[in-house]
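Okay, structure first, notes after.
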Amino acid sequence: MSTRTRTVQLLAAVGVISIVAFWLAVPRVLARIFRVRRAAVDLGPADFELIADDVTIPGPNGRTLKGWFVAYEMDDRPRPTVLVIHGWNGAASLMLPIAPLLQASGMHALFLDARGHGRSDDDRFASMPRFAEDIEAGLRWLRADRRVEPECVALVGHSVGAGAALLVASRDARIAAVVSIAAMAHPGTFMRAAMRARGMPRPVISLVLRGIERTIGLPFDAFAPVSTIARLRVPVLLIHGGRDEVVAPTDATLLERASRGRAQLLILPEATHASMEAFLPAAPAIVAFLLDAQHRCPSQILSREGIGRE
């Protein structure tokens, strides 16, 4: 065997070993790249002059989820309810600014911390499908509560939480409506673009994306909001910041088109991605949308007086 042949074989072997080693290391690399940085829980319901139940909910994988249940206290009938979920590196406390308006409109609200966020337990990794699992755990808890009208629960989510809310609604026909704030259209496309911007070679990007899918246990297309929104049969309100520096406003346009006429789109020109304060001007539109959607719920609460008219 010639020296050149041996060199080629050696280089090929090194290449194969490198690829295999990289492939096996992907889950660990991803765990570091996508490690959640917990937001400080600086605010609570009392800071918004609200009385809330501090609740503990059994979550997936034996983990415990924490949240605040803000009840409408004017009567003891089962009420329409909103489950509110934050985004990546967020927390339920960051979503509380909309709580007073929801309560004043006659709705209960559960502000939920996903695994690895806020006050909830850690887990091995976080992902959009795992956010969805946490939402589903919250829904089971809500629907077992006598204060909640089980057929009249809507979802409000931000960023990854918004994508997870759309995923849940695509497989739960009992969801009344979805408010999606700053959702990306497709996680795979989003991450591919982010890695290209950092100068990562295309073959490596493909390996990383496949590794992410393997770690999550689902292909991106199965849970991408642009796919799930097309399967919905409930009204959707899409809200996006015109100055979103993380997820481009064009993603919201893609989602609106994919909804086949079921989604309304509201762009807030000055809003960025993460600041809930920037989205507060949309709070009245969110409440009006939820009230309208919940009037269609199969509930005696809504059949006569309507919600928020007591």
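The values are calculated or read from the model by the stated rules, or taken from the named source; none is laboratory data. In this text the structure is predicted, and so the values were computed from the model without any measurement. When we count neighbours, we look across all protein chains shown, and the Cβ atoms used for this are built from the backbone with ideal geometry, even at glycine.
Mind listing whichever residues of the range 115-144 are part of a loop (DSSP other than H, G, I, E, B) and among the small types (Gly, Ala, Ser)? Full working, then the answer.
Quick first cut of the range 115-144, residues part of a loop (DSSP other than H, G, I, E, B) only: 115-127, 144.
Gly116, Gly118, Ser120, Ala126, Ser127, Ala144, listed by residue number.
Just the residues that are assigned to a loop (DSSP other than H, G, I, E, B) and surrounded by fewer than 24 Cβ atoms within 10 Å (Cβ to Cβ), please, taken from the range 92-114.
Ser105, Gly106, listed by residue number.
Looking only at the range 194-203, which residues are more than 20 Å from the chain's Cα centre (by Cα) and either exposed (fewer than 12 other Cβ atoms within 10 Å of the Cβ) or closer than 25 Å to Ala258 by Cα (or both)?
Passing the criteria: Ala197, Arg198, Gly199, Pro201, Arg202, Pro203.
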Determine whether Ser170 is among the polar types (S, T, N, Q) and either under 25 Å from Leu238 (Cβ atoms) or touching a residue at least 24 places away in the same chain (Cβ under 8 Å) (or both). yes
Meets criteria (assigned by TED's automatic domain parsing to the domain that holds Ser93, surrounded by fewer than 21 Cβ atoms within 10 Å (Cβ to Cβ) and modelled with pLDDT under 95) for Asp145: no
Residue satisfying condition, being under 26 Å from Ala92 (Cβ atoms) and touching a helix residue (DSSP H, G or I) at 6+ places or on another chain (Cβ under 8 Å), within set Leu255, Leu207: Leu255
Exactly one of these conditions fails for Ala164: (1) on the phi > 0 side of the Ramachandran plot; (2) in contact with an Asp or Glu (Cβ under 9 Å, 6 or more places away or on another chain). Give me its number. (1)
Options Val168, Val153, Val178: the member that is of a type in the set (A, V, I, L, M, F, W, C) and more than 17 Å from Cys297 (Cα to Cα): Val168
The range 240-281, subset of a type outside the set (S, T, N, Q), modelled with pLDDT of 95 or more and assigned to a helix (DSSP H, G or I), residue surrounded by the fewest Cβ atoms within 10 Å (Cβ to Cβ): Arg257
As an exercise: evaluate Gly163 against (1) closer than 30 Å to Val82 by Cβ; (2) not assigned by TED's automatic domain parsing to the domain that holds Val82 and give the number of the one condition it does not meet. (2)
Restrict the check to the range 179-193 and report whether at least one residue is hydrophobic (A, V, I, L, M, F, W, C), at pLDDT below 95 and over 23 Å from Glu245 (Cα atoms). no
